[in-house]
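A.B. asks: Mind having a look at this structure? Questions to follow.
Just so it is clear, none of the values below were taken in a lab; they were calculated from the coordinates. Bear in mind that the values here come from a model prediction, so they are computed numbers and not experimental data. Methodologically, a virtual Cβ is constructed for each residue, glycine included, from the backbone with ideal geometry; neighbour enumeration extends over all protein chains shown.
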Amino acid sequence: MLAAVIVLAVLLVIAICLLVAMAFRERRSAALQHQFGPEYDRAVDERGSRRQAERDLAQRSERHRQLQIRPLDAMQREAFAASWRSVQARFVDEPRESVADADSLVSDVMSERGYPMADFEKQSADLSVEHADVVEHYRLAHNIRALDADHGATTEELRAAMVHYRQLFDSLLATAQTPAGTGRR
């Protein structure tokens, strides 16, 4: 009889531990889904596994915490905004050049804020931590820019690239007012 009670107690402890672990995992998943929004779903689709995607997203967050992302001051924000208006105004007459300049301007803002500019995939991953809601715009604009390397993009595709760059640009300037590490806008 005593052995049966001990076995039941051990089984109960194991069941409680499993329930706590499952609750912790669900809470972590919910937090990552909230932080990364559509980027969470993209990572799950890309990795083929929720567990691998969550590991990747957690690593992105950790890497981002180690970066020295800094806000822009008011003068920098206004200078970048004026540059954007100039790039946008030239689009009608020079769409290819404007898209190239928009790409360069977004890169300048990212660099000024402290994002490493090593390669596009790492840039996208770093951006996704604070800008998950617009990082897909960056990817789409980048793809159109790559398509246009041989003048392969249509004017409509170039216009779409400008819209995509604008989404990221606005997000970078808006969050540039708040200290890094404050989460999503």
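A.B. asks: Output the residues belonging to region 111-135 that are under 15 Å from residue 57 (Cβ atoms), in contact (Cβ under 8 Å) with a residue 60 or more places away in the chain and charged (D, E, K, R).
C.D. replies: Once the filter is applied, which keeps residues that are under 15 Å from residue 57 (Cβ atoms), in contact (Cβ under 8 Å) with a residue 60 or more places away in the chain and charged (D, E, K, R), region 111-135 yields 126, 130, 133.
A.B. asks: Here is a follow-up. Which of the residues belonging to region 106-156 are outside any helix (DSSP H, G or I), out of contact with any helix residue (DSSP H, G or I) (no Cβ under 6 Å at 6 or more places or on another chain) and within 21 Å of residue 38 (Cβ to Cβ)?
C.D. replies: Here is the first cut: in region 106-156, the residues outside any helix (DSSP H, G or I) are 114-119, 132-134, 151-154.
From the residues that got through so far, the ones that are out of contact with any helix residue (DSSP H, G or I) (no Cβ under 6 Å at 6 or more places or on another chain) too are 114, 116, 118-119, 133, 151-152, 154.
Listed by number, the list holds a single entry, 133.
Matching residues to (1) loosely packed, with under 14 Cβ neighbours inside 10 Å; (2) among the hydroxyl-bearing types (Ser, Thr, Tyr); (3) within 24 Å of residue 169 (Cβ to Cβ):
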| position | (1), (2), (3) |
| --- | --- |
| 32 | no, no, no |
| 40 | no, yes, yes |
| 49 | yes, yes, no |
| 67 | no, no, yes |
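A.B. asks: Show the residue pairs that are 6+ apart or on different chains and have beta-carbon atoms under 7 Å apart, the first residue being within region 77-94 and assigned to a loop (DSSP other than H, G, I, E, B), the second being of a type in the set (A, V, I, L, M, F, W, C) and surrounded by 12 or more Cβ atoms within 10 Å (Cβ to Cβ).
C.D. replies: These pairs meet every condition: 91/162.
A.B. asks: Further question on the same structure: Considering 77, 96, which residue is crowded, with 17+ Cβ neighbours inside 10 Å and of a type in the set (Lys, Arg)?
C.D. replies: Selected residue: 77, the only one of 77, 96 that is crowded, with 17+ Cβ neighbours inside 10 Å and of a type in the set (Lys, Arg).
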